[in-house]
Amino acid sequence: MKKAIFPGSFDPFTIGHYSIVLRGLKLFDHITIGVGINQAKKQFFPIEKRLDLIRQAFKDEDQITVKEYNILTIDFAKQENAGFILRGIRNFNDFEYEKNIADINRKEGGIETVLLFTQPEYESISSTIVRDFLNYDKDVSSFMPPGIKL
Ligand code: ADP
């Protein structure tokens, strides 16, 4: 059984993240979405809300588990018996960032990273944009997974 984790802050989870997970299910039998508690990032939504949104998005999907974690990502992967880290890339910035972490995670943890390119229509969608819109009371439904309301 091929298992992966999909780690991130997901503050909040967007349709861009959602599409990476759905496409990841063509490669993996099971994906654990790990909502990381990143000390360096100030959170917008509390962790319970972030977990709840993702669980709603995948409520009919038994190949997906959603968990929070506050350990090193490679240790979380090991805890989940996952040999792979799934990540998405939108642009060069994402690529540079992912490349360095993937190298460390392979050397230190023996965990391979699998990168999927974003679908072009989701290229400019980020949690940051969603938060900006929310700060101005704008509708964000087109940035969210289908049927998900914040
Ligand atoms: P992190 O704080 O770890 O960067 P994010 O929640 O911002 O976590 O993102 C998690 C993963 O999803 C990262 O690999 C990121 O590049 C990817 N991602 C974010 N937005 C999109 C998108 N619109 N399309 C594809 N991948 C995306």
Mean accessible surface per residue for the chain, computed with a 1.4 Å probe while every protein chain stays in place, in Å² | 58
Mind checking the dipole of the stretch 54-150: about its Cα centre, +1 per Lys or Arg Cβ, -1 per Asp or Glu Cβ, Debye to the nearest 20?
-> 120
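Give, as a single signed number, the net charge of other residues whose beta carbon lies under 10 Å from the beta carbon of Tyr69, with Lys and Arg counted +1 and Asp and Glu -1. Show your work: numbers first, answer last.
Values: positive: Lys67; negative: Glu68, Asp75, Glu80.
With Lys, Arg at +1 and Asp, Glu at -1, the neighbours total -2.
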Principal axis box of the stretch 1-123, alpha-carbon based, largest edge first, Å | 35, 32, 31
Using 0.36 nm per residue of separation minus the Cα-Cα distance, give me the extension gain between Lys67 and Glu96 in nm, one decimal.
-> 7.8 nm
Can you check what the net charge comes to around Pro12, using other residues whose Cβ is under 15 Å from the Cβ of Pro12 (Lys, Arg +1; Asp, Glu -1)?
-> +2
May I ask you to evaluate 6.51 cos²θ - 1.76 cosθ + 1.60, the Karplus curve with θ = phi - 60°, for each residue of the stretch 81-94 and list the ³J(HN,Hα) values in order in whole Hz, giving x for glycine and proline?
-> 6, 9, x, 9, 10, 9, 9, x, 10, 10, 7, 4, 4, 4
Lysine pairs in the stretch 7-121 8 or more apart or on different chains: how many have alpha carbons under 20 angstrom apart?
-> 10
From the square roots a ≥ b ≥ c of the eigenvalues of the alpha-carbon gyration tensor of the stretch 58-99, which class results: rounded (a/c under 1.5), prolate (a/b over b/c), or oblate?
-> oblate
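With a 1.4 Å probe and every protein chain kept in, tell me what percent of the accessible surface of the chain is carbon plus sulfur.
Values: 4380 of 8750 Å².
Percent of accessible area from carbon and sulfur atoms in the chain: 50.
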Identify, among Phe117, Asn38, Gly24, the residue whose Cα sits farthest towards the positive end of the charge dipole of the chain, taking +1 on the Cβ of Lys and Arg and -1 on the Cβ of Asp and Glu, with the dipole about the Cα centre.
-> Asn38
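The values are calculated or read from the model by the stated rules, or taken from the named source; none is laboratory data. In this text the structure is predicted, and so the values were computed from the model without any measurement. Every residue, glycine as well, gets a Cβ built from its backbone with ideal geometry; the counts of neighbours run over all protein chains shown. Quick note on the areas: whole protein, heavy atoms, side chains included, nothing else; ligands and nucleic acids left out. Shrake-Rupley method; radii C 1.70, N 1.55, O 1.52, S 1.80 Å.
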